[in-house]
Amino acid sequence: MKFKEDFLWGAATASYQVEGAAYEDGKGLSIWDVFCEKPGRILNGHTGEVACDQYHRYEEDVKMMADMGIQAYRFSLSWPRIMPKGTGEINPAGIAYYNHLIDCLLKYNIKPYVTLYHWDLPYELHKKGGWLNEEIVEWFGEYAKVVAENFSDRVENFFTVNEPQCFIGISYMGTQHAPGYDGTIREGLQAGHNALKAHGRAVQMLRKYAKK
């Protein structure tokens, strides 16, 4: 089998899995920060507090990607790093970090692919019901607008949500993943419905505010 000439060889990560700096530079709590602190939830009590330390070592990481011949990097943004409470206040340090990462990728001719949500919901929004609250449609839309305004001048490709079967199915209808809410089937369907609507709202905002 032969790959097409425009096929991109890439790598992918999720913010909580690689960034570390969980409590630095104005970042708000995510549901995973809180979940990982609960005894017995995670094997050996591991957390994402340091992880791969990409927050501090992104230049080394990108250089290694370039040396490996990687052409594209799909990474997720940490919603609470950009908006510590999920809505309203924007964290300049969070915006700066992702700007530096994007610029570094482009310096090495690696195409950035950005995922808005890879499971790390701001904890402040979880306290308001999270994906069970229909207001999350507009919360997510507001976040998508901030993303478009700050990064779409250099990023052309966006993903809205990653694997809703996980952040709904085993997070709101099971306790394996954060927030570990063991809800009813009705609640799971409601959360899934809100996630689909939030995806649609984010697409609208990205298209409206994208700079290119």
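General remarks:
- Remark: pairs (first residue in the stretch 58-73, polar (S, T, N, Q); second residue not in a helix (DSSP H, G or I); Cβ separation under 8 Å; 6+ apart in sequence or on different chains) = 71/8; 71/9; 71/10; 71/109; 71/110; 71/111.
- The residue list 138, 124 contains one member that is at pLDDT 95 or above, more than 15 Å from residue 200 (Cα to Cα), part of a helix (DSSP H, G or I) and over 15 Å from the mean Cα position of the chain (by Cα), which is 124.
- Unmet criterion (only one of (1) out of contact with any strand residue (DSSP E or B) (no Cβ under 6 Å at 6 or more places or on another chain); (2) crowded, with 19+ Cβ neighbours inside 10 Å; (3) not in a helix (DSSP H, G or I)) for residue 212: (2)
- In the stretch 197-209, residue nearest to residue 147 (Cα to Cα) [restricted to those that are without any contact (Cβ under 8 Å) to a residue 60 or more places away in the chain and open to solvent by 40 Å² or more (accessible area, probe 1.4 Å)]: 207
- Taking residues in the stretch 32-55 that are hydroxyl-bearing (Ser, Thr, Tyr), and partners anywhere that are part of a helix (DSSP H, G or I) and crowded, with 16+ Cβ neighbours inside 10 Å, the pairs with Cβ atoms closer than 8 Å and at least 6 places apart or on different chains are 47/33; 47/36; 55/97.
- Qualifying residue in the stretch 109-118 (condition: open to solvent by 10 Å² or more (accessible area, probe 1.4 Å) and more than 30 Å from residue 70 (Cα to Cα)): no
- Check on residue 100, free of Cβ contacts under 8 Å to residues at least 40 places away in the same chain and either more than 25 Å from residue 23 (Cβ to Cβ) or open to solvent by 20 Å² or more (accessible area, probe 1.4 Å) (or both): no
- Checked across the stretch 58-71, the condition of being touching a strand residue (DSSP E or B) at 6+ places or on another chain (Cβ under 6 Å), at pLDDT 95 or above and within 27 Å of residue 142 (Cα to Cα) holds for no residue.
- Considering residues of the stretch 18-28 that are surrounded by fewer than 18 Cβ atoms within 10 Å (Cβ to Cβ) and not small (Gly, Ala, Ser) only, the residue nearest to residue 123 (Cα to Cα): 23
The values are calculated or read from the model by the stated rules, or taken from the named source; none is laboratory data. None of these values were measured; they are calculated from a predicted model. When we count neighbours, we look across all protein chains shown, and the Cβ atoms used for this are built from the backbone with ideal geometry, even at glycine. To get the accessible areas, we keep the full protein, side chains included, count just its heavy atoms, and leave off ligands, DNA and RNA. Shrake-Rupley method; radii C 1.70, N 1.55, O 1.52, S 1.80 Å.
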